[in-house]
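The structure appears below as structure tokens.
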Amino acid sequence: MTRAFRKKLLATTVAAAVFAPSVALAQDEQTFAEAQYRKDVMQHFNLSIKKILQNFQGNVQHPEHYAAIADIMANAATLSKAAFEKDTRSMEGPTKAKGEIWDNWEDFSGRMDKLVEDTAAFAEAAKSGDMGQIQPGFRRAVSQCKACHDLYKAD
Ligand code: HEC
């Protein structure tokens, strides 16, 4: 057994032990790994936005969480461009990623860079604890989502 193989085996065994009962590394059977990965990265935004809106609406009171949640968004943004970089047009399986992503990679990746900038600015604003900075910072951080989805994500 090679070292690399042993390491991989160990990682797989650990993953299986930790996740098998609950998550089973949830992957839609027909979805190929790259699509699943980028969707999982995107889910960080979704889950973060839901928590922030619950706070904004006053349904829960965890204002001390804004900074940590904004950090999650900023971190997810740093993973996003690379998660989409591989051209997967020839791969079989359901995905909402349109082929135009790789036709217009410069535009697409520029939007991902902007998302990194805006979420980093939001993370800074959230550290202030000042709602006068947090709300506009949040609005700017999420202003990218729809415009990109309209162009590059199938309904
Ligand atoms: C530069 C383009 C771009 C930006 C910016 C972007 N997305 Fe996406 N997003 C996509 C594409 C393309 C997909 C489809 C991926 C696939 O199906 O393989 C997607 C998928 C998703 C999904 C679906 C995940 C799933 O399980 O099907 C969610 C949720 C999502 N994005 C949320 C967001 C939020 C929230 C933001 C803003 C904070 C955002 N996205 C910013 C391009 C973008």
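Since every read-out is calculated from the coordinates, none of them should be taken as a lab result. None of the values given here were measured: they were computed from a predicted structure. Glycine gets a Cβ as well: all are built from the backbone with ideal geometry, and neighbour counts include every protein chain shown.
Straight-line reach from K98: which lysines fall under 28 Å, measuring Cα to Cα and dropping same-chain residues less than 8 apart? Excluding near neighbours in sequence, the set is K39, K50, K81, K86, K114, K146, K153. Put in line by how crowded their Cβ is, counting other Cβ atoms within 10 Å and starting with the fewest, R139, R111 read R139, R111. Net charge of the neighbourhood of S143, taken over other residues with C-beta under 15 Å away and scored Lys/Arg +1, Asp/Glu -1, is +1. Note on the stretch 31-152: dipole from Cβ charges, positive end direction compared against A76, Y37, Y66; the farthest Cα belongs to Y66. What net charge is computed for the residues neighbouring A126, neighbours being all others with C-beta under 11 Å from the C-beta of A126, Lys and Arg scored +1, Asp and Glu -1? Computed value for this residue: -3.
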